[in-house]
2 protein chains.
Amino acid sequence: MYRIGIDLGGTNIAVGLVNDETFEIVKKKSTPTLADREGEEIVEDMARLCHEICDELGININDLAGIGVASPGIVNPNTGIVKRASNLKFFYFPLAEMLADKLGVKHVPIYTENDANAAAWGEACAGACRGSSTSAMITLGTGVGSGIIINDRILSGSNYAEGELGHMVIEFGGIPCSCGRRGCWESYSSATALIRMTKEKIEECKAAGRYTSMMKAEKINGRTACDNMRAGDEAATEVYNKYINYLACGINNIINIFQPEVIAIGGGISGEGQSLIDALTPIVDANMYCGDKARTRLKIATLGNDAGIIGAAMLRTGLRS
Amino acid sequence: MYRIGIDLGGTNIAVGLVNDETFEIVKKKSTPTLADREGEEIVEDMARLCHEICDELGININDLAGIGVASPGIVNPNTGIVKRASNLKFFYFPLAEMLADKLGVKHVPIYTENDANAAAWGEACAGACRGSSTSAMITLGTGVGSGIIINDRILSGSNYAEGELGHMVIEFGGIPCSCGRRGCWESYSSATALIRMTKEKIEECKAAGRYTSMMKAEKINGRTACDNMRAGDEAATEVYNKYINYLACGINNIINIFQPEVIAIGGGISGEGQSLIDALTPIVDANMYCGDKARTRLKIATLGNDAGIIGAAMLRTGLRS
């Protein structure tokens with residue numbers, strides 16, 4: 001059967017037709033979100049892309065097994081309402097109901113989910129966490145996103161704002177976070193945090209008259225410390241180790257709280273691949289509760305930017321626990 | 001219907017016959033655990049107390065709807081095996097199967113659960129969290145115990161060692177914990193931690209030639225700072241505020257991760273009652289994700305030492321998620 005997954009991002013609306021046996025994206029289209037627009041225009045674009053894809057493939061849209069939308073913000077999957085999404089004009093926005101009307105579909109269920117949860121669901125169905133029933137996905141990008149799957153269900157809370165692992169404080173009284181707290185994991189483990197640590201180290205070296213090859217970087221980004229560390233630079237190694245220790249700290253917290261079978265790591269930093277896992281594993285093992293070795297496997301997420309589309313496409317009722 | 005709950009502690013084995021409609025403990029008996037004994041002797045005592053209670057009440061043990069055991073340690077409720085419990089000689093100990101044999105019951109299901117989870121289940125069925133489907137219970141005693149209920153099920157992990165909220169790091173690189181990590185919440189929010197903070201403050205005052213009424217305490221315990229704070233002592237107020245801020249930090253983490261409807265607080269520190277809730281609430285509200293007021297209600301646990309018995313008695317299959 002075919003399903004459609006829609007990944008609504010701050011920059012692009014990406015729509016993909018997914019084969020729900022092979023999890024392959026058969027066809028994908030996207031259009032700019034233009035986030036300042038009214039929600040209705042965004043939904044009209046979603047509906048248009050859905051119809052275009054089906055028309056081009058000769059598929060009757062009413063034959064789809066489901067259409068799912070991954071949206072930023074606080075999403076109630078029971079009502080299809082997005083309570084709010086910080087980078088969109090959504091405020092108690094009836095996404096699912098409006099999309100159903102704009103699509104004009106009959107009997108095709110429309111599902112909605114928070115984007116981080118949908119990506120975690122995608123990795124659980126078809127990616128790094130496939131075959132496990134309890135998993136977590138963390139996305140190390142501008143912030144730290146997360147989704148948690150427990151017993152083949154997406155972890156929900158009493159108000160659908162659950163699973164904000166990035167806003168778990170790991171450094172009491174630490175760096176102020178946009179969420180209003182201090183010392184959130186996000187402030188130590190996002191790509192943004194790694195860039196901050198890199199800049200701080202360069203300044204520290206400058207002040208101390210110490211050379212680091214990171215000084216030669218034209219623009220500091222999430223790879224600067226990693227690349228220079230691999231080239232043997234000592235200061236870069238210090239930055240990388242500091243970052244890895246904070247990242248491992250949050251991962252150990254997740255393990256102690258949930259004991260997932262797999263934690264998948266996505267987002268920009270996950271581009272480091274297996275070397276990231278290899279750096280994390282000994283620290284995570286050394287910090288296991290009661291000295292146990294971690295049963296939780298750390299993996300690099302495999303679906304990349306398609307996780308949202310595939311996860312959204314694979315949404316179904318009863319997903320939440 | 002009647003059920004039996006057994007709370008296996010490091011000091012006492014407490015057995016109670018529970019009315020599963022009123023959640024009342026009809027009769028309770030206990031005997032010292034003598035934790036150094038072989039597991040079989042402990043189970044024999046459990047079975048004996050079960051029979052004594054039923055005999056004295058004229059109840060046929062085979063008419064019970066269930067018998068549940070709350071055990072310390074890592075408990076697999078599917079097999080009834082306690083993998084290990086730090087203060088008992090249990091190592092892959094077949095608790096449920098041996099108890100069934102020692103009891104000689106037919107068709108009465110035997111359930112097992114970790115003690116902190118059972119207490120959380122008790123509060124969810126019959127105590128502070130009654131009527132909510134998603135809740136957490138934290139126990140502030142020697143350590144910080146915790147149990148999490150999601151959608152009327154006890155949160156499980158892939159290896160039944162989940163829900164160790166006390167071993168979530170909130171102070172990166174902080175105080176060493178018995179679990180091997182540094183900066184665990186338990187090291188800042190247990191009664192033990194409050195006592196440590198109290199002693200540190202007294203020493204600090206002595207060194208600075210500053211008077212605090214806490215110096216007059218014969219023995220420092222978890223109430224010393226609270227009592228002296230209420231009597232207007234400034235140094236005691238500083239200790240109490242520091243403790244409350246750490247406690248609130250972990251509570252905000254729990255809210256951001258799970259968004260439970262209720263968090264129940266039990267253990268020695270919960271003896272402070274509503275004043276503890278009143279002290280925590282403004283800090284928890286001020287630190288909510290994206291500035292939301294906490295929807296999560298903080299409550300003092302209501303079942304006290306009976307939570308384990310009642311929770312164990314109310315165990316049933318399919319409890320775990």
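Nearest 100 Å² is fine: what is the total accessible surface buried where chains A and B meet, probe 1.4 Å?
Buried area (both sides, nearest 100 Å²): 3900 Å².
So how compact is segment A:158-255: Cα radius of gyration and Dmax in angstrom?
In Å, with Rg to one decimal and Dmax whole: 15.1, 54.
Taking square-rooted eigenvalues a ≥ b ≥ c of the alpha carbon gyration tensor, is segment B:80-164 rounded, prolate or oblate, where a/c under 1.5 means rounded and, failing that, a/b exceeding b/c means prolate?
oblate
Provide an ascending nm list, one decimal, of label-point separations from B:Lys216 to the equivalent residue in each further copy; define each label point as 7 Å from Cα along Cα→Cβ.
Copy-to-copy label distances at B:Lys216, shortest first: 7.1 nm.
Tell me whether segment B:119-158 comes out rounded, prolate or oblate; compute the Cα gyration tensor, take square roots of the eigenvalues as a ≥ b ≥ c, and use a/c under 1.5 as the rounded threshold.
oblate
I'd like the carbon and sulfur percentage of the solvent accessible area for segment B:100-205, probe radius 1.4 Å, heavy atoms only, ligands and nucleic acids excluded.
The computed percentage sits at 46.
Enter the mean projected area of the convex hull around the alpha-carbon atoms of chain A, in nm², rounded to one decimal.
17.5 nm²
Mean projection of the alpha-carbon convex hull of segment B:24-105 over all orientations, in nm²?
5.6 nm²
In Å², and per residue, what accessible area does chain A have when probed at 1.4 Å with the other protein chains present?
I get 39 Å² per residue for chain A.
For B:Lys216 and B:Glu40, compute 0.36 nm times the residue count separating them, minus their Cα-Cα distance, and round to one decimal in nm.
58.6 nm
List the relative contact order of segment A:122-214 as a percent without decimals, with contacts defined as Cα pairs under 8 Å and 6+ residues apart.
After rounding, I find 18 percent.
What nm distance separates the two modelled labels at A:Asp285 and A:Ser178, each placed 7 Å from Cα along Cα→Cβ?
With each label placed 7 Å out from Cα toward Cβ, I get 3.7 nm.
Pairing the Cα long axis of helix B:39-57 with the longest principal axis of chain B, what angle in degrees results, from 0 to 90 and rounded to the nearest 10?
It works out to around 70 degrees.
Just checking the output field for A:278-288: average partner chain Cβ neighbours within 10 Å of each residue's Cβ?
1
In nm, one decimal, shortest first: how far is the label point of B:Asn12 (7 Å from Cα along Cα to beta carbon) from the matching points in the other copies?
6.6
Give the average, rounded to an integer, of partner chain Cβ atoms located within 10 angstrom of each Cβ in A:168-181.
6
Give the whole-number value, in cubic angstrom per residue, of the convex hull volume spanned by the C-alpha atoms of segment A:214-253.
Here the figure is 61 Å³ per residue.
Evaluate the protein assembly as shown: find the radius of gyration of its Cα atoms, find its Kirkwood radius, and give the ratio Rg to Rh.
Computed over Cα atoms, the ratio is 1.01.
Quick check: residue separation of A:Glu56 and A:Glu200 times 0.36 nm, minus the Cα distance between them. What number comes out in nm?
Gain on extension, A:Glu56 to A:Glu200, equals 46.7 nm.
Can you give the extra length, in nm with one decimal, that the chain gains between B:Asn305 and B:Ala208 once fully stretched, where that is 0.36 nm per residue apart less the Cα-Cα distance?
30.8 nm
Using a 10 Å cut-off on Cβ atoms, rank the peptides B:134-141, B:97-104 from the highest mean neighbour count down.
B:134-141, B:97-104
Before anything else, pin down the relative contact order of segment A:165-272: Cα pairs under 8 Å, at least 6 apart, normalised by residue count, whole percent.
For segment A:165-272, the relative contact order is 23 percent.
Quick check on segment A:185-224: take the gyration tensor over C-alpha atoms, sort the square-rooted eigenvalues as a ≥ b ≥ c, and tell me if it's rounded (a/c under 1.5), prolate or oblate.
Oblate, because a/c is 1.5 or more while a/b does not exceed b/c.
Express the relative contact order of chain A as a whole percentage, based on alpha carbon pairs under 8 Å and six or more residues apart in sequence.
RCO, chain A: 21 percent.
Each label point is 7 Å from the Cα along the Cα-to-Cβ direction; what then is the distance between the points at A:Ala65 and A:Arg130, in nm?
Taking the two extended label points, one gets 1.4 nm.
Using a cut-off of 11 Å between beta-carbons, work out the net charge of the residues near B:Met168 (Lys and Arg +1, Asp and Glu -1, B:Met168 not included).
Cβ neighbours under 11 Å give a net charge of -2.
Within segment B:221-258, what residues put their amide N at less than 19 Å from the label point 7 Å along the Cα-to-Cβ vector of B:Asp278?
Zone members listed by number: B:223-234, B:236-245, B:248.
Expressed as a whole number of Å, what is the distance separating the alpha-carbon centroids of segment B:66-95 and segment A:35-52?
55 Å
Mind listing the label-point distances from B:Gly141 to the same position on all other copies, shortest first, one decimal in nm, points 7 Å along Cα→Cβ?
4.5
To the nearest 500 deg cm²/dmol, what mean residue ellipticity at 222 nm is calculated for chain A from DSSP H runs of n ≥ 4 alone, each contributing -39,500 (n - 2.57), summed and divided by the residues?
-11000 deg cm²/dmol
The values are calculated or read from the model by the stated rules, or taken from the named source; none is laboratory data. Owing to the predicted nature of the structure, the values given are computational and were not obtained by experimental measurement. Cβ atoms come from the backbone with ideal geometry, glycine included; neighbour counts cover every protein chain shown. With ligands, DNA and RNA removed, areas are computed over all heavy atoms of the protein, side chains included. Shrake-Rupley method; radii C 1.70, N 1.55, O 1.52, S 1.80 Å.
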